[in-house]
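Let me begin by presenting the structure, written as structure tokens, before commenting on it.
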Amino acid sequence: MRKVNECVVLHVNLEDKSHFTEVFNEEDMKKYLGGRGIASLILYRDVPKNTDPYGQDNILVFAPGTLVGTNAPTAGRTTVIGKSPATGLFMKANMGGHWGAELKYTGYDALVIHGNSKEWVNLVITDNEILFESADCYLGLGVQETTEQIEEKYKDMPGISVCCIGQSGENLVKYAGIFNSMYNTAARGGLGTVMGAKKIKAISCYGRTGIRLHDTKKYLEVVEYVQQKIKNIGRCTYYKEYGTAGGMIGLNESGTLPVRNFQAGNMDNVYDISGQAIMEQGNFLRWESCFGCTISCKRYCKTTTKYIGTESGGPEYETISVFGAGCEVVDMDACLRANYLTNVYGLDCISTGAVIQWAMETAENGLLPNKFTDPATGIEYNLEFGNAEAMLILIDMIAFRRGIGDLLAEGVKIASERVGGESWKWAVESKGLEQSRVETRNSKAYALAFATNPRGPDHLYGQPMAEGGFSPEMRAIIKHITGDEKYAVPGSTEMKPEIVVWHEESYVMTDALGFCSRATLSTYAILPEDMAMLFESGTGIKMSEDDIFESARRVINLERSFNMREGVRRASDTLPWRLMNESIKNPKGDRSMNSTEELNNMLDQYYIIREWDETGLPLLGTIKKYGLDTIIREGDYDNGN
Amino acid sequence: MITKLKVNKKAQCVGCRQCELACSIFHEGEFSPWLSRVVIQRNEIIKLSKPYICQQCKNAKCQSSCPNNAINPDKNGILAVNLELCDGCGICIKACPFRAMGMDNIKQKAYKCDLCNGEVKCVKACPANVLIAEEV
């Protein structure tokens, strides 16, 4: 029987189809918390410097959080970690759905994939067996069809849970995601592309090993307490009512909706592509939840007037924002179609939409032809903002690397290098990752969090939403961190390093335990003290609030060190050029911008709090303080320069 | 006194499985949702989830079909499986028209909803108010 205080990791080697288990003991669990913490430890340990992201030395770690499989609300999430083909650096992506719980029920707490397979594989994991089944029959199929066919083939395993890649992963599009439960995605940074390089089409889990707790009575008491908080916090209810896309209207009003490839912060007719319109204009079909989630922000929707028959999970804010606002396609049905296509082909919607709007702007500036032809049909399209048909066919052409899609499949960084001119200026990326749809020019904690994020400029490493002070819970958190809620001012840089540090560390716990940031960060319903109590009562490992923050800092240092070992330094802790050099105007007419001076001031303070030197390197004393000197060896940071 | 569980047809099951988790931790002492007395059937492609629950039938097929007379009212009048008499033949599971009974393959015993001795766990756990307890 599995012990409550250990983390059992299944290592699978695709080169020789072998496998073995590794057990992380109570001490490791206390230090790394399990889930993302253990995954980052394995990544640093097992992936040497300069590893080719597509090579056999890269690994993929699938790590459901420590509490996944239990009834802790929203704790159903899985972190996937590997070296990114988009950035060449540390990458963690995270997915909800039900797959993580099913992996836990096989008796394994995490899965590590080593090596590259010669043939396409469907890896089947059960309590008793690890099977390397041929996946040839699923090649060329989208995510949902692959999942359905596997469920049908293994119908003697009812409830078998599948995570897989779509055609874009097979075709090594640089920003393919990993999908489970049909629509839940570990999207960012091309970890689905790594899965494609390893020739794993799918990983299917079926488990019948129950999960026990150290102190069931106490655990259930804390669960009951956080459940009540989720019920009573207005923002949780709001997320169920309108989904994440419910934020479109508010962001537009405050001038923080990224419109036209971040050229503007607001637009006309935003209601037409809002979460509110989804509910009120007949697109909404039903709610759905990830495993154990009592918020239910997810939804399943359909088109109403065009693309009839299009139904899919979502859309989320990021999808509707990147296609609707970013490409200026103010057309709900077209956005839902784009959402459907990215879900089928297995694409990261953020990078897909980002590269399409970059191409639209590049054509506008004369660096790409303003017309393109789809070689499959010979049909010509105008490459311009607002052209829904061009946007939709480009998703298809990217997934299959057809025509101009082959260039766009490389992401905005490489595409802009190939196109040349000044097209890099509107390639809204940093470290090689397209920025998520968050405006940082008037949200300074986000600006700092995006700059220091080891995976690139996006919100799922720090998510310092509290700086907006939109809710009593947000203001309370700002007061807790800084001593005064007056620092809940998005446009100010005051105390923002302290705010970012708290959020990054809370995010480590969130991922490591398997929670959703919707519960821990954007609504602040489940707080670090709650997570510490659940960890302690679940595993029996002593964990105070201070302890859990210390473990989170250890993980941050380890993840930072992976990038440092690759030669990354302070210069990479920056933001996309456009967001540092062009201002935007809010509806009141106020302009806002990021600047090098402002960012440098925040970075200086951030590095001091993190106990890193002025180049961004963790100090030797810091490494020793967290007991990382057995993992991070002397000379690891030497880059030969 | 709670006599049966009902599905609130006005509410929509979100497929979170909190009911299955609450049921299994109460009855089995572990989170093993496949042993839950409430079964959520989830159609993942269209995200349609539906609960299957014991109707506490007056003329219960599970009871009448059992060759060992292992299903009888407990002290609260709720039909329950007597583990000493159950031999795991599975006839009751096939007989139940509501798909509300299950088999513990390890113990080789059938199980059914016993309404948790009056304090129904799944009802409390459901965030969408889909499961309701009917008091008579």
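The values are calculated or read from the model by the stated rules, or taken from the named source; none is laboratory data. Note that the coordinates shown come from a computational prediction; the quantities given were computed from them, not determined experimentally. Here Cβ is always computed from backbone atoms with ideal geometry, including for glycine, and neighbour counts include all displayed protein chains.
Would you pick out the residues in region A:559-616 that are in contact (Cβ under 8 Å) with a residue 60 or more places away in the chain, assigned to a loop (DSSP other than H, G, I, E, B) and among the β-branched types (Val, Ile, Thr)?
A:Val568, A:Thr574
Considering B:Ala128, B:Ala133, B:Ala95, which residue is surrounded by fewer than 21 Cβ atoms within 10 Å (Cβ to Cβ) and within 14 Å of chain A (Cβ to nearest Cβ)?
On inspection, the qualifying residue turns out to be B:Ala128.
For region A:216-241, how many residues meet the condition of being of a type in the set (D, E, K, R), under 23 Å from B:Leu21 (Cα atoms) and away from chain B (no Cβ under 12 Å)?
3
Mind listing whichever residues of region A:379-400 are assigned to a helix (DSSP H, G or I) and not aliphatic (A, V, I, L, M)?
Hits for region A:379-400 are A:Glu389, A:Asp396.
Of the conditions (1) touching a residue at least 12 places away in the same chain (Cβ under 8 Å); (2) out of contact with any Phe, Trp or Tyr (no Cβ under 6 Å at 6 or more places or on another chain); (3) of a type in the set (D, E, K, R), B:Lys121 fails just one. Which one is it?
Here B:Lys121 clears every test but (2).
Go through the residues of region A:338-349 one by one and say whether even a single one is in a loop (DSSP other than H, G, I, E, B), of a type in the set (Asp, Glu) and away from chain B (no Cβ under 14 Å).
Yes; the residues of region A:338-349 include at least one that is in a loop (DSSP other than H, G, I, E, B), of a type in the set (Asp, Glu) and away from chain B (no Cβ under 14 Å).
Is there a residue being farther than 25 Å from A:Val162 by Cα and either in a loop (DSSP other than H, G, I, E, B) or basic (Lys, Arg) (or both) anywhere in region B:21-29?
yes
Please enumerate the residues belonging to region A:402-455 that are among the acidic types (Asp, Glu) and within 14 Å of A:Trp577 (Cβ to Cβ).
Selection gives A:Glu417, A:Glu422, A:Glu429, A:Glu434.
When you go through A:Glu410, A:Glu417 one by one, which is the residue that is more than 30 Å from A:Tyr487 (Cα to Cα), over 18 Å from the mean Cα position of the chain (by Cα) and without any contact (Cβ under 8 Å) to a residue 60 or more places away in the chain?
Selected residue: A:Glu417, the only one of A:Glu410, A:Glu417 that is more than 30 Å from A:Tyr487 (Cα to Cα), over 18 Å from the mean Cα position of the chain (by Cα) and without any contact (Cβ under 8 Å) to a residue 60 or more places away in the chain.
Quick check, is A:Lys542 out of contact with any Lys or Arg (no Cβ under 6 Å at 6 or more places or on another chain) and either in a helix (DSSP H, G or I) or modelled with pLDDT under 95 (or both)?
Considered against the rule, which asks whether it is out of contact with any Lys or Arg (no Cβ under 6 Å at 6 or more places or on another chain) and either in a helix (DSSP H, G or I) or modelled with pLDDT under 95 (or both), A:Lys542 comes out as no.
Given the structure, is A:Val501 over 26 Å from A:Asn601 (Cβ atoms) and in contact with a Lys or Arg (Cβ under 8 Å, 6 or more places away or on another chain)?
Judged against the criteria, A:Val501 is not a match.
What strands (runs of 3 or more DSSP E), lying completely within region A:93-143, carry at least 3 residues that are within 24 Å of the chain's Cα centre (by Cα) and crowded, with 24+ Cβ neighbours inside 10 Å?
So the answer is A:110-114.
Considering only residues that are more than 10 Å from every other protein chain (Cβ to nearest Cβ) and touching a helix residue (DSSP H, G or I) at 6+ places or on another chain (Cβ under 9 Å), look in region B:3-22 and name the one that is farthest from A:Gly107 (Cα to Cα).
So the residue we want is B:Thr3.
Please indicate, with yes or no, whether at least one residue in region B:27-38 is away from chain A (no Cβ under 14 Å), of a type outside the set (S, T, N, Q), surrounded by fewer than 21 Cβ atoms within 10 Å (Cβ to Cβ) and without any contact (Cβ under 8 Å) to a residue 60 or more places away in the chain.
no
Do you know which of the residues in region A:241-280 that are in contact with a Leu (Cβ under 8 Å, 6 or more places away or on another chain) and not in a loop (DSSP other than H, G, I, E, B) is surrounded by the most Cβ atoms within 10 Å (Cβ to Cβ)?
Looking at the filtered set, the residue picked out is A:Met248.
Of the conditions (1) more than 19 Å from A:Pro73 (Cβ to Cβ); (2) assigned to a helix (DSSP H, G or I), A:Asp530 clears all except one; give me its number.
Just one mismatch for A:Asp530, condition (1).
Sort through A:Asn50, A:Asn58, A:Asn71 and tell me the only one that's more than 26 Å from A:Arg208 (Cβ to Cβ) and touching a strand residue (DSSP E or B) at 6+ places or on another chain (Cβ under 7 Å).
Matching residue, one of A:Asn50, A:Asn58, A:Asn71: A:Asn58.
Looking at region A:65-76 only, could you name the residues that are within 13 Å of chain B (Cβ to nearest Cβ) and of a type outside the set (Ser, Thr, Tyr)?
Matches in region A:65-76: A:Leu67, A:Val68, A:Gly69, A:Asn71, A:Ala72, A:Pro73, A:Ala75, A:Gly76.
Quick check on region A:281-294: of everything there that is within 8 Å of another protein chain (Cβ to nearest Cβ) and touching a Ser or Thr at 6+ places or on another chain (Cβ under 8 Å), which residue is surrounded by the fewest Cβ atoms within 10 Å (Cβ to Cβ)?
A:Trp287
Starting from region B:57-77, take each residue that is closer than 16 Å to B:Asp114 by Cα and list its partners that are assigned to a loop (DSSP other than H, G, I, E, B) and aliphatic (A, V, I, L, M), counting only C-beta distances under 6 angstrom and pairs at least six apart or across chains.
B:Cys62/B:Met101; B:Ala70/B:Leu85
Considering region A:297-311 alone, what residues qualify as being in contact with a helix residue (DSSP H, G or I) (Cβ under 6 Å, 6 or more places away or on another chain), within 14 Å of another protein chain (Cβ to nearest Cβ) and surrounded by fewer than 24 Cβ atoms within 10 Å (Cβ to Cβ)?
A:Thr310
Give region A:231-265 a look and list any residue that's over 16 Å from A:Val322 (Cα atoms) and not small (Gly, Ala, Ser), or say none.
Answer for region A:231-265, where residues must be over 16 Å from A:Val322 (Cα atoms) and not small (Gly, Ala, Ser): A:Lys231, A:Asn232, A:Ile233, A:Arg235, A:Cys236, A:Thr237, A:Tyr238, A:Tyr239, A:Lys240, A:Glu241, A:Tyr242, A:Glu253.
Taking region A:23-46, which residues are free of Cβ contacts under 8 Å to residues at least 24 places away in the same chain and either more than 19 Å from A:Leu60 (Cα to Cα) or of a type in the set (Lys, Arg) (or both)?
A:Asn25, A:Glu27, A:Asp28
Considering every residue within region A:594-612, establish whether at least one is more than 15 Å from A:Leu448 (Cα to Cα) and surrounded by fewer than 14 Cβ atoms within 10 Å (Cβ to Cβ).
no
Report whether or not A:Gly234 is of a type in the set (Gly, Ala, Ser), surrounded by fewer than 22 Cβ atoms within 10 Å (Cβ to Cβ) and without any contact (Cβ under 8 Å) to a residue 40 or more places away in the chain.
no
Listed here are the residues, each with its yes/no results for (1) aliphatic (A, V, I, L, M); (2) over 30 Å from A:Asp127 (Cβ atoms).
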position: A:Ile178; (1), (2): yes, no
position: A:Asn184; (1), (2): no, no
position: A:Cys205; (1), (2): no, no
position: A:Ile211; (1), (2): yes, no
position: A:Tyr219; (1), (2): no, no
position: A:Thr244; (1), (2): no, yes
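Among the numbered criteria (1) touching a residue at least 24 places away in the same chain (Cβ under 8 Å); (2) within 14 Å of chain A (Cβ to nearest Cβ); (3) buried (at least 21 other Cβ atoms within 10 Å of the Cβ), which single criterion is violated by B:Tyr52?
Just one mismatch for B:Tyr52, condition (3).
Determine whether region B:20-33 contains at least one residue that is out of contact with any strand residue (DSSP E or B) (no Cβ under 8 Å at 6 or more places or on another chain) and among the aromatic types (Phe, Trp, Tyr).
yes
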